[in-house]
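First comes the structure, then the notes that go with it.
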Amino acid sequence: MSKCVADILSLIQEKNIKMVDFKMVDINGQYRHVTIPAENFSEDTMKSGIGFDASNYGYAVVEKSDMVFIPDPDTAVVDPFCSIPTLSMTGNAMIIDTPENRPLAQYPRNIVRAAVEKMKKDGVADTMMILPEFEFYLFDQAGWQVSGRELSATVDASQSYWNSATEGQGVIVPKQKNYHIAKPFDTSFECRSEMCMLMKEAGIEINYHHPEVAASGQYEIEPQLGEVVHMADATMMIKYIIRNTALKYGKTATFMPKPIYGEAGSGMHVHMLLLKDGQPVFSDDNGYAHLSETAHYFMGGLLKHIASLCALTNPSTNSFKRLVPGFEAPVTVGYATSNRSAVIRIPAYAKSPEKRRFELRNPDATCNPYFCYAAILMAGLDGIKNKIDPHANGWGPYDFNLFHLSDEEKAKLQGLPTRLEDALDALEADHDYLTADGVFPEELLKNFIKAKRAECSELSRIPNPAEFERYYNL
């Protein structure tokens, strides 16, 4: 049920709220916030909004009008990490140039909402449901130094195999043997359980949590399927809850795709399905893996545009240190049932018509979730519009482990970009599907590519310790 201003005022009184916090999102997908005393919140707040400078959030705004942030009352939640009772809301950025204002087209939440409107306009579906899986590391300590005299990064997890000689209680997990491991080796169980309870209080239903493969503190939390705009908001809140709860337990959380050399990387696999009038669009008893022709065309769009998608779904140089063969990382452009080595995997356990779906396995949580989910939807819609058949294009189905192919056979397969620079090149050359109907503004993509190229250039000039190991004595 949608909330209104009266509902928020009632909640403020009921919970004895002292502060109202507005959480905005910058171009990189990080929260920024502005806070007002609760007594200042009124119906005018919802109409007039909170002024902000969009250029400081990374957006190359061409409009000269002032920007305001309009909170969405449906996102209201009591912030569990504030000692002073605080109500938190996210919302939409608007341009003040009409009596009603108009959406700031570059603002991430407005982009995913625009993608949903395009889906409805095309008549494909009226609802996109997604389920992102959150893999992350919890460390007891993390630190780094990048200066003229020192280049270093250190992390520690007490149960990790590298502490086998010093851990007094012998609670040690062997390398790459952490998957579903139980207590006493699962040292963050209570921490993750509290994370999940806080997510539920924030309106985010959870399927489960568990230890992941890497022995150095890798875990996963999986929410339930949810509508795409809600899940984009939920993605931000889930990361917020994970990080803040970790600090409460004396730990630090990271969604960095590859923080540990030689251990599994952390991804954010995105499951998806479409509904129209409450009925599943992707289900067909007679189709491959019980998926409809529309579902296959959607997959075809994803696979056709996958290289450019990577710039938005995997937007860090570290992302591509995860996307390498050997760690269940999806590196092959293709689809299959129950095959984790293909970019698109169809889970065999999703048997009922309303749950039949597939997952895109390459994304990671360094992405801006609003850009990521909107881009996925736009690529799929392009596939449906142009009837891009993944089988006819030679993208599968690959119902075998692609890692076991011979080198000669592997050479015939199409792979993901191996560097962020290559993904940016692809996005520069292939983005018409994103700008269709003005969903992704051209100016935003140009600004994003420019900023990411500068990031790549800067990082490429910094020596790293592995180079000292290889070249210092040459």
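Table for the structure above
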| quantity | calculated |
| --- | --- |
| Among residues of the range 452-464, those that are surrounded by 11 or more Cβ atoms within 10 Å (Cβ to Cβ), assigned to a helix (DSSP H, G or I) and not aliphatic (A, V, I, L, M), counted | 4 |
| Any hit, the range 292-306, residues being of a type outside the set (S, T, N, Q), under 28 Å from Ala114 (Cα atoms), surrounded by fewer than 21 Cβ atoms within 10 Å (Cβ to Cβ) and assigned by TED's automatic domain parsing to the domain that holds Asp382 | yes |
| Any hit, the range 107-123, residues being more than 20 Å from Glu442 (Cα to Cα), crowded, with 20+ Cβ neighbours inside 10 Å and either in contact with a strand residue (DSSP E or B) (Cβ under 8 Å, 6 or more places away or on another chain) or of a type in the set (S, T, N, Q) (or both) | no |
| Verdict on Ser338 being polar (S, T, N, Q), farther than 19 Å from Leu420 by Cβ and surrounded by fewer than 24 Cβ atoms within 10 Å (Cβ to Cβ) | yes |
| Single residue of Gly143, Gly91 found to be among the small types (Gly, Ala, Ser) and buried (at least 18 other Cβ atoms within 10 Å of the Cβ) | Gly91 |
| Residue match in the range 322-333 (condition: of a type in the set (Val, Ile, Thr), farther than 27 Å from Lys450 by Cα and surrounded by fewer than 22 Cβ atoms within 10 Å (Cβ to Cβ)) | no |
| Helices (runs of 4 or more DSSP H) within the range 214-320 that include 1 or more residues among the acidic types (Asp, Glu) and more than 22 Å from Ala153 (Cα to Cα) | 228-248, 293-304 |
| Test result for Lys175, under 30 Å from Met94 (Cα atoms), in contact (Cβ under 8 Å) with a residue 60 or more places away in the chain and either over 24 Å from the mean Cα position of the chain (by Cα) or buried (at least 21 other Cβ atoms within 10 Å of the Cβ) (or both) | no |
| Exclusive hit being without any contact (Cβ under 8 Å) to a residue 12 or more places away in the chain and out of contact with any helix residue (DSSP H, G or I) (no Cβ under 7 Å at 6 or more places or on another chain), set Leu291, Leu303, Leu273, Leu247 | Leu247 |
| Residue in the range 370-386 that is among the acidic types (Asp, Glu) and more than 25 Å from Phe282 (Cα to Cα) present | no |
| Contacts under 6 angstrom Cβ, first residue in the range 446-457 being acidic (Asp, Glu), partner modelled with pLDDT under 95 and assigned to a helix (DSSP H, G or I), 6 or more apart | none |
| Pair list, Cβ under 7 Å, 6 or more apart: the range 406-420 residue without any contact (Cβ under 8 Å) to a residue 60 or more places away in the chain, other residue small (Gly, Ala, Ser) and exposed (fewer than 15 other Cβ atoms within 10 Å of the Cβ) | none |
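Each row is one residue, and each column tells you yes or no for (1) in contact with a strand residue (DSSP E or B) (Cβ under 9 Å, 6 or more places away or on another chain); (2) farther than 23 Å from Ala232 by Cα; (3) touching a residue at least 12 places away in the same chain (Cβ under 8 Å); (4) basic (Lys, Arg).
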site	(1), (2), (3), (4)
Lys3	no, no, yes, yes
Ser10	no, yes, no, no
Gln13	no, yes, no, no
Met19	yes, yes, yes, no
Met24	yes, no, yes, no
Gln30	no, no, no, no
Ala54	yes, no, yes, no
Tyr59	yes, no, yes, no
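The values are calculated or read from the model by the stated rules, or taken from the named source; none is laboratory data. If you're wondering where the values come from, they're calculated on a predicted model, not measured in any experiment. In this analysis, Cβ positions are derived from the backbone assuming ideal geometry, glycine residues included, and neighbour counts consider all displayed protein chains.
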